[in-house]
Amino acid sequence: MPRIERTADVIWEGNVARGNGSIAGGSGAFTGLPFSLPSRIGNPDGKTSPEELLASAHAGCLTMSLASELTQAGTPPTRLDVTCRIVMDEVEGEGHQIVGSQVTIKADAEGVDDEALAGAIERADAGCPFSTLLRKAGVTVEISRA
């Protein structure tokens with residue numbers, strides 16, 4: 001696989017408590033995603049957060065990795081439904097830290113039994129750069145099946 005580089009641009013106006021910002025992907029796939037401290041720590045109210053973006057990145061990466069594993073096994077998926085919950089919590093002496101990534105996978109793939117699916121998920125997790133990054137950072141990554 002070739003080297004991959006992507007960018008995002010953030011604009012922030014104001015102080016952290018009352019300010020707000022917007023996030024845009026360098027590809028143009030998304031622009032003007034609003035975020036703020038109140039939407040980050042409270043009700044999202046239609047705004048995103050860095051944690052939500054990390055959850056979507058981890059879920060997207062793991063989904064593609066699992067689709068690859070199932071396809072290589074000759075049983076390409078019909079549908080994969082993947083949900084990721086990123087957990088940030090207070091860590092004593094370290095402030096707020098990402099401490100967990102909880103992923104739930106529902107897979108529809110013809111001809112795949114429970115054992116084969118469990119193996120494909122394990123290989124997909126091992127091959128997912130976001131799972132690797134999070135674990136190396138000390139984050140607990142939990143993967144379960146729906």
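Checked against (1) at pLDDT below 95; (2) surrounded by 13 or more Cβ atoms within 10 Å (Cβ to Cβ); (3) of a type in the set (Asp, Glu), Asp45 passes all but a single condition, namely (2).
Of the residues making up region 4-29, just one is basic (Lys, Arg) and under 20 Å from the mean Cα position of the chain (by Cα), namely Arg6. Here Ile98 meets each of (1) farther than 22 Å from Glu142 by Cα; (2) out of contact with any Phe, Trp or Tyr (no Cβ under 7 Å at 6 or more places or on another chain); (3) buried (at least 17 other Cβ atoms within 10 Å of the Cβ) with one exception, condition (1). I'm trying to understand the selection: among the residues of region 84-125, which are closer than 24 Å to Leu54 by Cβ, aliphatic (A, V, I, L, M) and more than 20 Å from the chain's Cα centre (by Cα)? Correct list: Val91 only.
Among the residues of region 72-95, just one is surrounded by 10 or more Cβ atoms within 10 Å (Cβ to Cβ) and of a type in the set (Gly, Ala, Ser), namely Ala73.
Among residues of region 11-30 being among the polar types (S, T, N, Q) and under 17 Å from Pro44 (Cβ atoms), the one that is surrounded by the fewest Cβ atoms within 10 Å (Cβ to Cβ) is Asn20. Across region 83-120, the number of residues qualifying as among the small types (Gly, Ala, Ser) and either assigned to a strand (DSSP E or B) or within 18 Å of Cys61 (Cα to Cα) (or both) comes to 7. One residue stands out in region 1-59 among those that are assigned to a strand (DSSP E or B) and among the aromatic types (Phe, Trp, Tyr): the one that is farthest from Gln102 (Cα to Cα), namely Trp12.
The values are calculated or read from the model by the stated rules, or taken from the named source; none is laboratory data. Remember, it's a predicted structure, so these values are computed and weren't measured experimentally. Ideal geometry is used to build each Cβ from the backbone, glycine not excepted, and the neighbour counts take in all protein chains shown.
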